[in-house]
Amino acid sequence: MKRFDKGYIYSSLLTDFFYSVVLVFFFLRDLFFNEESSPNTIATATPFFVIGFVVIYLCFVAYRILYYRMSGYELTDKEIKCNRGVLFKKRSILDYKKIHAINKKQGIIHRIFGIAVLTVDSGSANTSHQAEITIIEKNTVVDALLSELNALKKNTIKDDAGEVRREEVLLSNKDSLYRFTSAKKMLYTLINIASTAFFTALFAVLAIIILGVCKAMLQLDFLGTLGQYFLYAILISVGGVLLFSIFSFIGSIIHSFIGYYNFTITQNDNNIQISYGLLEKHTNTFSYDRIKAVKVSQGLVQRILGFASIKLEVIGYTVNSSDDSKNAGLGVLIPFCKYNEIDEILGKVLPDYIPSEKQTKSVSFFPFVSWFLLIFGIIAGVILAGSVTVMAMLSAPSKIISAAVLAISGLALIVIVLKFVSAGLSYHTNGLAIHDGKITTYSGGFTKNITVFKAKNLIAVENVTTPLRKKHGIASIVMHLKTNESSNEVKVHIQKDTLSDEIEKMLTV
């Protein structure tokens, strides 16, 4: 059995060096950073810091060496084998015909030492938290393994049509169908910032108004007159929003320009490969027939401006991480595009997942807010009554009690208004379509979601209702798909309860 490349040890120890420094500082921070610290105390504490660092780092060194000596992989005629682990040793064997996802990741430290991480996944629900196979090798070796595993898989599984399709670049920076250009990345960044800044500014303005009214009632003297208060409060809020937007802008720029650098999607036989990233390069390969669902998402600002993102979920798909302990969930297929381009893009990449026009709609508005009004009303009433009772017991002035009542009532009213707006959007959004063995669901309030999946991936249907809703023939439909996480639920709210009977006919045996 071939061992992992020694670059694993060197790259891990470089990272462990910084971890060791952080850990020592965490435990000895009181010796360096306190009011009584002096050059003498720091000099006295330095040997302890060095000893602590050496002990911790030697533990990391021992672990990495043991992991390297106990880990390895082997490719046989029918399967791939992998051993890894120190305290808990794991041996994995995966038949080539059961491979559905092959993923490569190369972080910036990996690139320094010329290595990459390759994970191979079967999509089993029993191993949803990790990939079965993890290999750490030189970058060139990983590329060769990726091609070899795809070839071995292709030899065991034939295409449904019995034909081999040529490799084709579907989406790239050079393709005329979709170009994730610098201009689009900048617009993508600005829309993300606008979405966050909008709600931040909204809550800031509401807080200013509520506090301003309380100040006027209580005739408080802080920050001068009422006019000066509003001026200072607005300036502080605007400054905070601008400062937050600057940091968001920098983060979004890094994410869009570096995270999605050289974004490409290719297809080879039944496999789809997505590659992207500059500092940390990802190459994710998975089988077309293991796609569980495609999800089109639109935030409020995106809906207003007519843009969207397309995500997908693959059964059992895991993140290709060196610690092998993360689940990918929804992955980005198209990070940013015009809403009216979705059918064209999916028609090229995933023709079986083009959204169908909505055939049903919500049959009543009140159920979207009924439970919220009941629960929130009780909570708000208890808080209001409790606050008034406590202040009355403390003999608080009537103006203070009135201001508190007004503030709580105003805050509750604002929350209710926002809920009604969200419910109104949900009422107009929720619905579904059933067409040619495919189900398209529409859901969401401020964020609109369109989820498309094949009926063969449907494993259960729930009809969620109440006695009152049942009397009026109303129910929420919950559909469970083939997957291994809580994200297997797709919900459509406040539909005719007979709709679940129609969906149940599509359940696979």
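The values are calculated or read from the model by the stated rules, or taken from the named source; none is laboratory data. Computed from a prediction, not measured in an experiment: that's the story for all the values here. Heads up, the Cβs are rebuilt from the backbone with ideal geometry, glycines too, and the neighbour counts pull from every protein chain shown. Side chains are part of the model used for accessible areas, which takes the heavy atoms of the whole protein and leaves out ligands, DNA and RNA. Shrake-Rupley method; radii C 1.70, N 1.55, O 1.52, S 1.80 Å.
Yes or no: Q267 surrounded by 17 or more Cβ atoms within 10 Å (Cβ to Cβ) and closer than 22 Å to I193 by Cβ?
Working: surrounded by 17 or more Cβ atoms within 10 Å (Cβ to Cβ): yes; closer than 22 Å to I193 by Cβ: no.
Spelling it out, it is not the case that Q267 is surrounded by 17 or more Cβ atoms within 10 Å (Cβ to Cβ) and closer than 22 Å to I193 by Cβ.
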Discussion item. Just the residues that are of a type in the set (K, R) and under 32 Å from the mean Cα position of the chain (by Cα), please, taken from the stretch 45-102.
Written reply: R64, K81, R84, K89, K90, R91, K97, K98
Worksheet item: Quick one: would you say I414 is assigned to a strand (DSSP E or B), of a type outside the set (K, R) and surrounded by 16 or more Cβ atoms within 10 Å (Cβ to Cβ)?
Response: no
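Hey, among the residues in the stretch 287-306 that are among the hydrophobic types (A, V, I, L, M, F, W, C), more than 19 Å from A101 (Cα to Cα) and in contact (Cβ under 8 Å) with a residue 40 or more places away in the chain, which one's surrounded by the fewest Cβ atoms within 10 Å (Cβ to Cβ)?
Of the stretch 287-306, the ones among the hydrophobic types (A, V, I, L, M, F, W, C) are 291, 293-294, 296, 300-301, 304-305.
If we keep only those that are more than 19 Å from A101 (Cα to Cα) too, we end up with 296, 300-301, 304-305.
Of the ones still in play, those that are also in contact (Cβ under 8 Å) with a residue 40 or more places away in the chain are 296, 300-301, 305.
Details: V296: 23, L300: 18, V301: 19, L305: 16.
The qualifying residue surrounded by the fewest Cβ atoms within 10 Å (Cβ to Cβ) is L305.
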Discussion item. Can you report the number of residues in the stretch 108-121 which are modelled with pLDDT of 85 or more, open to solvent by less than 10 Å² (accessible area, probe 1.4 Å) and not β-branched (V, I, T)?
Written reply: 2
Worksheet item: Given the conditions (1) closer than 30 Å to L202 by Cβ; (2) open to solvent by 30 Å² or more (accessible area, probe 1.4 Å), which single one is not true for I450?
Response: (2)
Worksheet entry | Positions within the stretch 57-84 being at pLDDT below 90 and buried (at least 18 other Cβ atoms within 10 Å of the Cβ), in sequence order | R84
Worksheet entry | Matching residues, the stretch 313-356, being surrounded by 18 or more Cβ atoms within 10 Å (Cβ to Cβ), at pLDDT 70 or above and of a type in the set (F, W, Y) | F336, Y353
Discussion item. Can you find, within the stretch 453-465, the residue that is most open to solvent (accessible area, probe 1.4 Å) among those that are closer than 17 Å to I354 by Cα and in contact with a helix residue (DSSP H, G or I) (Cβ under 9 Å, 6 or more places away or on another chain)?
Written reply: K454
Practice prompt. Could you figure out which of (1) among the polar types (S, T, N, Q); (2) modelled with pLDDT of 90 or more; (3) buried (at least 19 other Cβ atoms within 10 Å of the Cβ) isn't true of N284?
Written response: (2)
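Given the residues A423, A460, which is the only one that is of a type outside the set (V, I, T), assigned to a helix (DSSP H, G or I) and out of contact with any Cys (no Cβ under 7 Å at 6 or more places or on another chain)?
Unique residue meeting the criteria: A423.
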Discussion item. Can you tell me how many residues within the stretch 122-137 are in contact with a Phe, Trp or Tyr (Cβ under 9 Å, 6 or more places away or on another chain) and either open to solvent by 60 Å² or more (accessible area, probe 1.4 Å) or at pLDDT 80 or above (or both)?
Written reply: 5
Worksheet, complete the sentence: In the stretch 432-445, anything buried (at least 20 other Cβ atoms within 10 Å of the Cβ), touching a residue at least 60 places away in the same chain (Cβ under 8 Å) and under 18 Å from A460 (Cα atoms) is listed as L432, I439, T440
